[in-house]
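Input: a single structure, listed below in structure tokens.
Bear in mind that the values in this text are calculations on the coordinates, not laboratory data. Just so it is clear, the model here is predicted, and its values are computed rather than measured. No Cβ is skipped: glycine too gets one built from the backbone with ideal geometry, and neighbour counts run over all protein chains shown.
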Amino acid sequence: MSTRMLIVILAVLSVTAAAVWMISARRSVAAAPQNPPVENHPVAPGQPAVAPAGTNGKIVKTDAEWLEQLGPEAFRVARQKGTERAYTGKYWDNHEEGVYTCIGCGLELFDSGTKFDSGTGWPSFYAPIRAEAVATVTDGAWGMTRVEVLCSRCDSHLGHVFDDGPKPTGQRYCMNSVSLGFEKR
Ligand SMILES: [Zn+2]
């Protein structure tokens with residue numbers, strides 16, 4: 001067998017091996033476990049959600065699933081950190097007694113007893129229903145440092161919190177109506 005023949009055979013073998021490796025790698029990606037379908041863990045407003053394993057109690061969905069659940073406006077605000085126009089939301093002028101919940105997962109977030117008229121056109125509260133219901137993140141967007149407020153369970157964007165609120169806390173949780181649900185008492 002000539003050296004040239006040997007080189008040709010080796011080259012063919014290595015190309016074949018590479019092709020087999022690529023195909024098997026692609027197969028193993030395709031066979032990787034997918035998130036269970038949403039229908040397997042439905043979340044009714046106000047009901048405790050069953051989070052997928054390994055998410056530490058968090059509710060994790062794809063953007064496509066959120067968009068389907070929320071519709072475009074709530075998706076834009078709650079999942080893409082948008083802001084509804086002032087005085088356009090459902091709850092800025094709501095004076096009924098009840099509990100405000102997360103539009104994404106139904107977690108109870110604010111009680112009407114802490115709601116006050118802020119004059120901003122957004123529903124405003126001086127405290128969350130429980131400290132652990134919300135999470136805060138410092139947000140440097142638009143050259144302003146603001147403190148973003150998120151649902152602690154599904155990370156939906158709710159609004160921002162400012163320190164110019166009324167007594168007893170001095171805080172103003174400035175929320176988007178579209179990020180909230182409301183359960184009347
Ligand atoms: Zn939530």
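Between Asp163 and Glu65, the simple label model (points 7 Å from Cα in the Cβ direction) yields a spacing of 3.8 nm.
With 25 Å as the limit, write out which pairs from Lys81/Lys115; Lys58/Lys90; Lys61/Lys115; Lys58/Lys167; Lys58/Lys81 have Cα-Cα distances beyond it, or answer none.
Values: Lys81/Lys115 22 Å; Lys58/Lys90 27 Å; Lys61/Lys115 30 Å; Lys58/Lys167 32 Å; Lys58/Lys81 18 Å.
Table pairs above 25 Å Cα-Cα are Lys58/Lys90; Lys61/Lys115; Lys58/Lys167.
Taking label positions 7 Å along the Cα-Cβ direction at both Phe116 and Trp142, the computed distance is 2.3 nm, reported to one decimal.
Sort 114-122, 151-159 by packing, meaning the average of other beta carbons within 10 Å per residue, with the highest value first. It would help to have the intermediate numbers written out before the result.
Working: 114-122: 16.1, 151-159: 24.1.
In descending order of packing, they fall as 151-159, 114-122.
Each peptide in 99-110, 130-141, 80-91 was scored by the mean count of other Cβ atoms within 10 Å over its residues; highest first, the order is 99-110, 80-91, 130-141. Per-residue Karplus couplings for the stretch 89-96, computed as 6.51 cos²θ - 1.76 cosθ + 1.60 with θ equal to phi - 60°, are listed in order as x, 6, 10, 4, 10, 7, 10, 6 Hz, Gly and Pro entered as x.
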